[in-house]
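Here the structure comes first, spelled out in structure tokens, and everything after it is commentary.
Where a number appears in this text, it was derived from the coordinates with a stated rule and is not lab data. Fair warning: this is a prediction, and the values are worked out from it, not measured in the lab. Ideal geometry is used to build each Cβ from the backbone, glycine not excepted, and the neighbour counts take in all protein chains shown.
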Amino acid sequence: MMCPYCQHGETKVVDSRVSHDFVIRRRRSCLECAQRFTTYERIEEMGLKVIKKDGSRVPFDQEKIRSGLEKACYKRPVSESDIDAIIGAVEADVYGTFEREVPSRNIGELVFNMLRSIDQVAFVRFASVYREFKDVNDFVEELEPMLRDSDQPHKL
């Protein structure tokens, strides 16, 4: 690892911590200038492909999930850590369940179900894109089960 301060090529690891999101945090010290810095290592996953609705295959990209979640959660009381937790759980499930290819529908359903329990408005926003709502009736069909459930307070 090259030191970001003096560009020396040798450093030592002072501390390592493993995160639940497939990330290893390492605290390093340069052997030349003694400056300390932190690196994050991501475990290189096998090239998992996502099978799109049209049959094409693209590499799995968690940033696409983040983008969809951020749009659905825009101006909603959903924290960045909630979004990170959903992404981490989806990624863990996908890599734990599928070996080489995963249908985009499976990823969408995972996000869909997790978002439902966090924020109902964000859930409906995500559902409108994911389920390709064509008109107001599609919204009503999706909302009816939530409105019938009288045991939970509604955030709508």
inquiry  = 7 Å from Cα along Cα→Cβ at both Arg116 and Gln62: what's the point-to-point distance in nm?
reply    = 2.4 nm
query = What's the FRET efficiency of Lys12 with Tyr95 using the Cβ-Cβ distance as r and R₀ = 41 Å, to the nearest 0.05?
reply = 0.85
remark   = Per DSSP, the loop-located trypsin sites (Lys or Arg not before Pro) within the stretch 1-78 having at most 13 other beta carbons within 10 Å are Lys52, Lys53, Lys75
remark   = Given unit charges at Cβ for Lys, Arg (+) and Asp, Glu (-), the dipole magnitude of the stretch 1-108 about its Cα centre in debye, nearest 20, is 220 debye
DSSP-loop GluC sites (Glu not before Pro) across the stretch 1-106, with at most 14 other Cβ within 10 angstrom = Glu10, Glu32, Glu44, Glu45, Glu99
query = Fewest to most neighbouring Cβ within 10 Å: what's the order for Ile65, Ile24?
reply = Ile24, Ile65
inquiry  = Give the residue list of trypsin sites (Lys or Arg not before Pro) in the stretch 84-124 that are DSSP loop and have at most 13 other beta-carbon atoms within 10 angstrom.
reply    = Arg100
ask   = Which value results when the Cα radius of gyration for the stretch 11-127 is divided by 2.2 N^0.38 Å?
value = 1.31
